[in-house]
């Protein structure tokens, strides 16, 4: 597999405070990468920098060896859900259609090809029957699926999903996992930030462990070692009977992760065998 | 039916009708974004901020609308610039501009001898004083605005609904916001003669808010809002003619009446139906128990 995405010494700061320091990373074409780390580790910041919402203070990002500006829609980003005006009078179809807008496309009417892509994206996430419903009338899980469909409709090189498993119902979690399996077959590269270390270990080829700098990157076996977890989570980690237990604050106050049995009352307990993987 | 046609035997009433229709459409369409982006306070502030421009134009003897237009654009860009710096909160920035511009405007107008009458016209409109050149200027600006709304439709939609997506798609969100401020300012200038500075915010907010209650997509909201704007403007004109009351007030009160009807009886969002459905559900719950 050739390298699709390359980050070289990426540094990002928020008003003078360094949020990410000198992160270097390569992601092969078609890989599925879980980004994990404690709250404030810079997972969302990394995504925002990758789509150009925050400028890089230093370093560079390359896609197939070229800067992202060379591509029409290099990266699609699905943020955590509360960043949108839900009372806005748009239908599900309208929202997904926005994925077809972009550079040089702001005035062109939707072509038959665009409509086909929108229809397929809606189908993929199982929300076709909601196409004419106002976005505000949908459940949280359905809304999340609509935004995933929009990301698909963008036909990007890379899809970034920020905490897609946080605060959603089981059905949506399953839909996201199915989508990931689907995207794997189509060799679409996906980066997912998550608090769920179990999921990161079991469903992803690559794991990136962040805590404002890169702690470790590689296969789950390589990344989830006691020393790496100690470096990332520090005091949030305890070793009991040779097992590493990470007590991680879930999701910045959005309630427990839906559907994970490792999650209790706003905090996640995630177990990993010290020094080796579970799978 | 004579009462419908009678007023328009006069040239000034025909012009008043034309001006009212233009205001009804333009404010109602641009106002959709004012409502959806919660910019009502900004609309009010922009309206008052054009007073100094009007006063200066009056003192210099040039067309009042041109003075208003220049002032409106300057203030729209100015507020947008201050917001971009991020040093103070939005409503604070607007509040400062709002009061300062009103003070400056009244100060300038008070140097004119006949200021009480003129100030009343500027504040509350004098639709019967619309000159042919006013009408042409309003019509031209109005058409330009509708064209801008059409050309920027997708950009404004994306930036208003999901600014994060807008930026990832490469939109210059600050520039688009400034454009929207300028468009709002121009809509206010167009309305100056008909409803006046003090009441124009209502034309920007009330018809779109009514349409919002009754529709579920932005294009439909804009179309219905325009229709409500026109009906209010024309009906207000009749009321003004026959009862001999201020035209701006009449127009705004008609629009408010339509809003209240929609607020109470809208099929999905209306108060009456919602409480009816709620009661029915409750009764069902009680009987099944």
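The values are calculated or read from the model by the stated rules, or taken from the named source; none is laboratory data. Note that the coordinates shown come from a computational prediction; the quantities given were computed from them, not determined experimentally. For neighbour counting, all protein chains shown are included, and Cβ atoms are generated from backbone atoms with ideal geometry for every residue, glycine included.
Here is a yes/no grid of residues against (1) surrounded by fewer than 22 Cβ atoms within 10 Å (Cβ to Cβ); (2) closer than 26 Å to residue B:239 by Cα; (3) under 17 Å from the mean Cα position of the chain (by Cα):
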{"residue": "B:23", "(1), (2), (3)": "no, yes, yes"}
{"residue": "B:45", "(1), (2), (3)": "no, no, yes"}
{"residue": "B:52", "(1), (2), (3)": "no, no, no"}
{"residue": "B:62", "(1), (2), (3)": "yes, no, no"}
{"residue": "B:77", "(1), (2), (3)": "yes, no, no"}
{"residue": "B:81", "(1), (2), (3)": "yes, no, no"}
{"residue": "B:87", "(1), (2), (3)": "yes, no, no"}
{"residue": "B:97", "(1), (2), (3)": "yes, no, no"}
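Out of the stretch A:60-85, which residues are closer than 19 Å to residue A:3 by Cβ and outside any strand (DSSP E or B)? Explain how you work it out, then say what you get.
We begin by selecting, within the stretch A:60-85, every residue closer than 19 Å to residue A:3 by Cβ; these are A:60-71, A:74-75.
If the condition is that a residue be closer than 19 Å to residue A:3 by Cβ and outside any strand (DSSP E or B), then A:64, A:65, A:67, A:68, A:69, A:70, A:71, A:74 are the ones that fit.
From the list A:238, A:246, the lone residue that is in contact (Cβ under 8 Å) with a residue 24 or more places away in the chain and either part of a helix (DSSP H, G or I) or touching a strand residue (DSSP E or B) at 6+ places or on another chain (Cβ under 9 Å) (or both) is A:246. Considered as a group, the residues in the stretch B:128-147 that are over 16 Å from the mean Cα position of the chain (by Cα) and more than 18 Å from residue B:68 (Cα to Cα) include one that is farthest from the other protein chains (Cβ to nearest Cβ), and that residue is B:128.
Of the residues A:68, A:109, which single one is more than 9 Å from chain B (Cβ to nearest Cβ), surrounded by 15 or more Cβ atoms within 10 Å (Cβ to Cβ) and without any contact (Cβ under 8 Å) to a residue 24 or more places away in the chain? Show your work before the answer.
Working: A:109 fails: surrounded by 15 or more Cβ atoms within 10 Å (Cβ to Cβ).
Every option except A:68 fails the conditions.
Looking across the stretch A:93-131, the residues that are over 22 Å from the mean Cα position of the chain (by Cα) and part of a loop (DSSP other than H, G, I, E, B) come down to A:103, A:104, A:105, A:106, A:107, A:108, A:109, A:110, A:111, A:131. Of all the criteria given as (1) under 19 Å from the mean Cα position of the chain (by Cα); (2) at pLDDT below 85; (3) under 16 Å from residue B:185 (Cβ atoms), the one not satisfied by residue B:93 is (1). Scanning the stretch B:187-229 for residues that are in a loop (DSSP other than H, G, I, E, B) and within 14 Å of chain A (Cβ to nearest Cβ) yields B:215, B:216, B:217.
Scanning the stretch B:161-186 for residues that are under 23 Å from residue B:208 (Cα atoms) and within 7 Å of chain A (Cβ to nearest Cβ) yields B:161, B:162.
For residue A:30, the stated conditions do not hold, so it cannot be described as crowded, with 18+ Cβ neighbours inside 10 Å and in a loop (DSSP other than H, G, I, E, B).
Given the criteria without any contact (Cβ under 8 Å) to a residue 60 or more places away in the chain, within 14 Å of chain A (Cβ to nearest Cβ) and closer than 30 Å to residue B:18 by Cα, does residue B:152 qualify?
Working: without any contact (Cβ under 8 Å) to a residue 60 or more places away in the chain: yes; within 14 Å of chain A (Cβ to nearest Cβ): yes; closer than 30 Å to residue B:18 by Cα: yes.
Yes; evaluated as a whole, the condition is true for this residue.
From the list A:49, A:41, A:57, the one residue that fits, being away from chain B (no Cβ under 11 Å), surrounded by 22 or more Cβ atoms within 10 Å (Cβ to Cβ) and farther than 19 Å from residue A:3 by Cβ, is A:41.
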